[in-house]
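In what follows, a structure is listed as structure tokens, so that the remarks can point back to it.
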Amino acid sequence: MDEITARLDEFIRERCEVGDDPDYGPDVNLFDMGFLDSMGAMEVVTFAEQTFGVEITQKDITLYPMNTVNEIAEVVGRKKGLC
């Protein structure tokens, strides 16, 4: 799980140009804090699918919260059978 979290974090930091923003962290709501919008969320899902070889379905998006780096990593981990 640590590798999944680290790779997602790196992608989001680059994509969202987070820099050293003190409001950013693995448990911060990326939408509420303005780091991601719906288009950015689709980019993160596509990145996760391509990088980790999983399929994140609309059902997954509905069933599981994916608002933070840790929540997204948990869904990816579930899909890979790690959780």
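Residue-level check: of (1) modelled with pLDDT of 95 or more; (2) farther than 16 Å from Asn70 by Cβ, Phe52 misses just (2).
For segment 29-60, taking the residues that are part of a helix (DSSP H, G or I), open to solvent by 70 Å² or more (accessible area, probe 1.4 Å) and hydrophobic (A, V, I, L, M, F, W, C), the one that is farthest from Glu10 (Cα to Cα) is identified as Met39. The C-beta contact set for segment 9-28 (first residue open to solvent by 100 Å² or more (accessible area, probe 1.4 Å), second residue charged (D, E, K, R) and outside any loop (DSSP other than H, G, I, E, B), distance under 9 angstrom, 6+ apart or interchain) comprises Asp27/Glu71. Considering segment 61-83, and only residues there that are under 12 Å from Leu8 (Cβ atoms) and assigned to a loop (DSSP other than H, G, I, E, B), the residue that is least open to solvent (accessible area, probe 1.4 Å) turns out to be Thr68. Selection over segment 28-83 of residues that are acidic (Asp, Glu) and under 11 Å from the mean Cα position of the chain (by Cα) gives a count of 4.
The values are calculated or read from the model by the stated rules, or taken from the named source; none is laboratory data. Being a predicted model, the structure only gives us computed values, none of them experimental. Heads up, the Cβs are rebuilt from the backbone with ideal geometry, glycines too, and the neighbour counts pull from every protein chain shown. For the accessible areas, the whole protein counts, side chains as well, though only heavy atoms, and no ligand, DNA or RNA atoms are used. Shrake-Rupley method; radii C 1.70, N 1.55, O 1.52, S 1.80 Å.
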